[in-house]
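Undergrad: Here you go, one structure.
The values are calculated or read from the model by the stated rules, or taken from the named source; none is laboratory data. Here the structure is a predicted model, which means the values were calculated and not measured. No Cβ is skipped: glycine too gets one built from the backbone with ideal geometry, and neighbour counts run over all protein chains shown. SASA here: full protein model, heavy atoms, side chains in, ligands and nucleic acids out. Shrake-Rupley method; radii C 1.70, N 1.55, O 1.52, S 1.80 Å.
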Amino acid sequence: MAAYYRWSPPIADFIADRPRLPVDGLAFTIAALWMLHPIQTQAVTYIWQRSESMMGLFLIAALYCAVRSAEGGRPRLWGAGVVMCCLLGLGTK
């Protein structure tokens, strides 16, 4: 805490006395966009986890269809279900 009080007045004087550059507007814009960053990260994380959950659902469905196809009744129909679930799973990724 002592370092903050020791260095804050000289830094504040340096910032106040420096000439204004046209880059300051760019820096402000980047800082304003960075403030929104955590909100955007949460939205991206939600979408990513939703994609992972859907892929897992289609994987389990494909395994179920493969087991049903191997057991006997209507193997072509269940085999088509395996292919469809695999394609849907790939589509979610």
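Undergrad: Within the stretch 16-32, can you find the residues that are at pLDDT 65 or above and open to solvent by 90 Å² or more (accessible area, probe 1.4 Å)?
TA: As a first pass, look at the stretch 16-32 and keep what is at pLDDT 65 or above: 24-32.
Answer for the stretch 16-32, where residues must be at pLDDT 65 or above and open to solvent by 90 Å² or more (accessible area, probe 1.4 Å): Leu26, Phe28, Ile30.
Undergrad: Could you list, ordered by first residue, the pairs with Cβ atoms under 9 Å in which the first is in the stretch 67-93 and closer than 28 Å to Arg50 by Cα and the second is among the charged types (D, E, K, R) and not in a helix (DSSP H, G or I), at least 6 apart or interchain?
TA: Arg68/Arg74
Undergrad: Collect the residues in the stretch 44-93 that are in contact with a Lys or Arg (Cβ under 9 Å, 6 or more places away or on another chain) and among the acidic types (Asp, Glu), keeping them in residue-number order.
TA: Glu52, the sole residue that qualifies.
Undergrad: So which residues in the stretch 33-59 are among the aliphatic types (A, V, I, L, M) and either surrounded by 12 or more Cβ atoms within 10 Å (Cβ to Cβ) or at pLDDT below 75 (or both)?
TA: Result: Met35, Leu36, Ile39, Ala43, Val44, Ile47, Met54, Met55, Leu57, Leu59.
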